[in-house]
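Comments concern the structure below.
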Amino acid sequence: MEKFNLRVYGLLINDLGQILVSDEFRHNHAFTKFPGGGMEFGEGFKQTLSREFKEELNIEIEVGDLFYFNENYQVSAFNPKHQLISFYYFVDYPNWKDIEANKHKFPLVEDGEKYRWVNLKNLEIGEFTFPIDKIVAERLLKTIAQLALQNTSDPN
């Protein structure tokens with residue numbers, strides 16, 4: 001292993017119960033992941049995530065709580081000499097309706113990145129390409145189910 005590759009991703013859930021996902025085509029491959037990207041030298045995690053959303057979506061987000069980071073070894077899909085360490089934060093953007101999304105054919109077939117909203121009730125773990133995103137999607141669905149169960153069992 002030659003290098004640690006630090007990645008930071010945002011979980012943006014809108015008022016309609018939808019989560020923002022990124023569809024990309026790079027290195028002759030189409031893939032779906034959560035929005036975010038690589039940490040640059042001198043940045044903190046939240047600063048990285050804010051920069052990534054500004055670069056990719058041209059929006060200023062509020063970074064919330066850390067939701068997940070991978071504790072297990074994960075090699076990069078793009079460089080077998082890199083070990084990924086990925087962090088996932090909840091993010092907020094009140095003007096989420098302004099995000100250009102759901103205006104592309106899926107999957108992408110040309111280099112680039114597009115976004116779409118996916119209803120959390122219809123979120124499929126298998127639609128994510130990378131192993132850590134699949135884990136995050138699964139944990140997110142479990143967390144939502146637990147919260148729903150708590151809300152139905154709470155008489156207040």
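The values are calculated or read from the model by the stated rules, or taken from the named source; none is laboratory data. Just so you know, these numbers come straight off a predicted model, no measurement behind them. Please note: Cβ atoms are built from the backbone with ideal geometry, for glycine as well, and neighbour counts cover all protein chains shown.
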Exercise for review: Go through the residues of region 69-85 one by one and say whether even a single one is among the hydrophobic types (A, V, I, L, M, F, W, C), modelled with pLDDT under 95 and buried (at least 18 other Cβ atoms within 10 Å of the Cβ).
Suggested key: yes
Practice item. Select, from A137, A148, the only residue that is free of Cβ contacts under 8 Å to residues at least 24 places away in the same chain, assigned to a helix (DSSP H, G or I) and buried (at least 16 other Cβ atoms within 10 Å of the Cβ). Key: A137
Study note, to complete from the structure: In region 44-64, anything touching a strand residue (DSSP E or B) at 6+ places or on another chain (Cβ under 6 Å) and free of Cβ contacts under 8 Å to residues at least 12 places away in the same chain is listed as none
Study note, to complete from the structure: In the set K114, K121, the lone residue that is of a type in the set (D, E, K, R), in contact (Cβ under 8 Å) with a residue 24 or more places away in the chain and more than 18 Å from P35 (Cα to Cα) is K121
Point to revise | In region 1-50, residue surrounded by the most Cβ atoms within 10 Å (Cβ to Cβ) [restricted to those that are β-branched (V, I, T) and touching an Asp or Glu at 6+ places or on another chain (Cβ under 9 Å)] | key: V8
Review point. Does G10 satisfy the condition of being farther than 18 Å from E124 by Cβ and in a strand (DSSP E or B)?
Key: yes
**Study point:** Selection from region 13-45 of residues that are assigned to a strand (DSSP E or B), under 19 Å from V63 (Cβ atoms) and hydrophobic (A, V, I, L, M, F, W, C)
**Key:** I13, I19, L20, V21
Check your understanding: Are any of the residues in region 95-110 assigned to a loop (DSSP other than H, G, I, E, B), surrounded by fewer than 17 Cβ atoms within 10 Å (Cβ to Cβ) and aliphatic (A, V, I, L, M)?
Key -> yes
